[in-house]
Amino acid sequence: MAPPPNKDDNIIQQDSSIDQNRPISTIVIIIAMQTEALPLVNSFQLAEDANSLFPKGTPWVRYHGVYKGLNVNIIWPGKDAVLGVDSVGTVSASLVTYAAIQALQPDLIINAGTAGGFKAKGACIGDVYLASEVAFHDRRIPIPVFDLYGVGLRKGCSTPNLVKELEFKVGKLSTGDSLDMTPHDEASILANDAVIKDMEGAAVGYVTDLLNVPAIFVKAVTDIVDGDKPTSEEFLQNLSAVTVALGKAVTQVVDYISGKSVSEL
């Protein structure tokens, strides 16, 4: 007789091979935009790699150093070689996450960045969230089982003590490769029960789950998706100020992590 279905069968579970009880030594922070990365580079007093760890020709940038006993690495996908803009989106995020894990063997990944928030779910400009779950909203495959694969629902690393100590909001994150939101995307985001949406989180989650590395998702709200202002306008208007809030939040997270194991988070 087959075992009864688990209520969480639709969530692809992480079975990490990393020792959850060993103090965290090396962390990798994946950040999509240089504007988001530089405040943290300065806060942690990190240096840019003179000789890249990554394949020749890739624009990926690593900043690294030691902060409160932790080997801290910030990985930024760099600028598009042709257009000169930040290499945002799921493809770049998944590639740099995979490359960073292979090169650095971190104990923990932090995906930090800005996000849109939904006022209907209580999000406000400048709010900082830890994502409890991540999923895609633009991988629509209307075939049984493939539909669940497309959504790719995954849980973030459980951090009840960190959440209690730092008093961040907690909510579900939905990821897609567009800044705006089509009606189809909106329906999928509602189905994902998301409070925030971004362009990288679920892609990072896919890779960390694949390679069994715990991941935390720290997102600061730049724009209200279901508000009155155009998303692009509000995003650009608030990016600078919210990036400061994001930097403070990630610094608080790293301060809390110092000297602890994953199981203590």
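Toward the positive end of the charge dipole of the chain, with +1 on the Cβ of Lys and Arg and -1 on the Cβ of Asp and Glu, the farthest Cα among Ser43, Phe146, Leu179 is that of Ser43.
Label separation (Ala103 vs Ser178): 3.3 nm, computed from points 7 Å beyond Cα along the C-beta direction. The calculated FRET efficiency for the pair Val85 and Ser258, based on their C-beta separation and a Förster distance of 30 Å, comes to about 0.30.
For region 131-247, carbon and sulfur atoms together expose 57% of the accessible surface, with a 1.4 angstrom probe and every protein chain in place.
For region 201-214, backbone phi angles converted through the Karplus equation (6.51, -1.76, 1.60; θ = phi - 60°) give residue-by-residue couplings of x, 5, 5, 4, x, 4, 6, 5, 5, 4, 9, 6, 10, x Hz, Gly and Pro being listed as x. Shown in residue order for region 165-172 are the 3J(HN,Hα) couplings computed by the Karplus curve 6.51 cos²θ - 1.76 cosθ + 1.60 at θ = phi - 60°: 5, 9, 6, 6, 6, 10, x, 8 Hz (x for Gly and Pro). Could you tell me which GluC sites (Glu not before Pro) in region 112-169 are loop residues by DSSP with no more than 13 other beta carbons within 10 angstrom of their beta carbon? Sparse-neighbourhood loop GluC sites (Glu not before Pro): Glu167. Other residues whose C-beta falls under 9 angstrom from the C-beta of Ala112 contribute a net charge of 0, scoring Lys and Arg +1 and Asp and Glu -1.
Volume of the convex hull of region 42-151 (Cα atoms only), normalised per residue: 189 Å³.
Is region 115-201 rounded, prolate or oblate when judged by the Cα gyration tensor, a ≥ b ≥ c being the square roots of its eigenvalues, rounded requiring a/c under 1.5 and prolate requiring a/b larger than b/c?
Oblate shape, in that a/c is at least 1.5 and b/c is the bigger or equal ratio.
Using per-residue counts of other Cβ atoms within 10 Å, averaged over each peptide, order 55-66, 210-221, 187-198 from highest down.
Values: 55-66: 15.0, 210-221: 23.2, 187-198: 21.2.
For the peptides 55-66, 210-221, 187-198, the packing ranking is 210-221, 187-198, 55-66.
Would you kindly give the portion of the calculated P(r) for region 161-224 that falls above 17 Å, as a percent of all Cα pairs? I get 48 percent for the Cα pairs in region 161-224 exceeding 17 Å. With all protein chains in place and a 1.4 Å probe, the accessible surface of region 25-105 carries 53 percent carbon and sulfur.
Would you mind calculating the gained length between Lys68 and Ile143 on full extension (0.36 nm times residue separation, minus the Cα-Cα distance), in nm to one decimal?
The Lys68-Ile143 span can extend by a further 22.1 nm.
Cα centroids of region 147-217 and region 22-78: 22 Å apart. What residue among Met199, Thr159, Ala135 has its Cα farthest toward the positive end of the dipole of region 135-229, where the charges are +1 on Lys, Arg and -1 on Asp, Glu, each on the Cβ? Sorting the options by dipole projection puts first Thr159. Summing Cβ point charges (Lys, Arg +1; Asp, Glu -1) relative to the Cα centre of the chain gives a dipole of roughly 500 debye.
Let me make sure I get this right: for region 200-261, a, b and c are the square roots of the gyration tensor eigenvalues over alpha carbons, sorted descending. Under 1.5 in a/c it's rounded, otherwise prolate if a/b > b/c, else oblate. Which is it?
oblate
For the peptides 240-249, 170-179, 142-151, residues were scored by their other Cβ atoms within 10 Å and the scores averaged per peptide; the highest-first order is 170-179, 240-249, 142-151. Note that the chain presents 47 Å² accessible area per residue, ligands and nucleic acids not counted, probe 1.4 Å. When peptides 91-97, 124-130 are ranked by their average number of other Cβ atoms within 10 Å per residue, the highest-first order is 91-97, 124-130. Of Ile216, Val244, Pro59, whose Cα points farthest to the positive end of the dipole of the chain (charges on the beta-carbon: +1 Lys, Arg; -1 Asp, Glu; origin at the Cα centre)? Checked the options; the winner is Ile216.
The values are calculated or read from the model by the stated rules, or taken from the named source; none is laboratory data. Since we're looking at a predicted model, the values are computed, not measured. So basically every Cβ, Gly included, is an ideal-geometry build from the backbone, and we count neighbours across all protein chains shown. Just so you know, the surface numbers come from the protein's heavy atoms only, side chains and all, with ligands and any DNA or RNA stripped out. Shrake-Rupley method; radii C 1.70, N 1.55, O 1.52, S 1.80 Å.
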